[in-house]
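The values are calculated or read from the model by the stated rules, or taken from the named source; none is laboratory data. Just so it is clear, the model here is predicted, and its values are computed rather than measured. Cβ: placed from backbone, ideal geometry, glycine included. Neighbour counts: every protein chain shown.
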Amino acid sequence: MPGVRHHNYIDALRVQIPMTAICSVYAGVFAVIAFGLARGAGSWLVNPAICWLGKVSFSAYLWHFAVLSLAAPTIGSFPGTLAYLIAVTIVLTITLVTSTVTYLCIERPMIRAGSKLATRLRHGLSGSSGMQHPAGPTLPDGSGR
């Protein structure tokens, strides 16, 4: 739009730091976290919020592209850092809500259906049709009762 100044917040937040320094910091943080988890210090990571985030993460990965595409023109026009952070918070909220609905309505039912199908196929391939012998179940000693 003429007369409207667009500000690229990504460029404004980017700091010129050598790549080796960035990689060193990430490697150090990763090493500390990995060492802590190996020693059992990661119990704070096992909580309902983190477990829920792990369950909806695949849906969030799929949805965030669509949400960002729809929101990008709006986010770029927010003047000021606070407005930008509010817009990002709204985008994250929409992504997480959409991901949760997708997980509950699509992923979880499909996971259950896949488990049932796998169980049926496993029993079908092992020679058991899931039906009992006409005389009833056989006990380990070979008797019927």
**Asked** Just checking, which of Gly36, Gly3, Gly54, Gly40 is at pLDDT 70 or above and outside any helix (DSSP H, G or I)?
**Response** Gly40
**Asked** Looking only at residues in segment 19-45 that are hydroxyl-bearing (Ser, Thr, Tyr) and surrounded by 10 or more Cβ atoms within 10 Å (Cβ to Cβ), which one is farthest from the chain's Cα centre (by Cα)?
**Response** Ser24
**Prompt:** Is at least one residue of segment 68-77 surrounded by 12 or more Cβ atoms within 10 Å (Cβ to Cβ), among the β-branched types (Val, Ile, Thr), outside any loop (DSSP other than H, G, I, E, B) and at pLDDT below 80?
**Reply:** yes
**Request:** Name the one entry in Tyr103, Tyr84 that is of a type in the set (Phe, Trp, Tyr) and farther than 20 Å from Leu62 by Cα.
**Result:** Tyr84
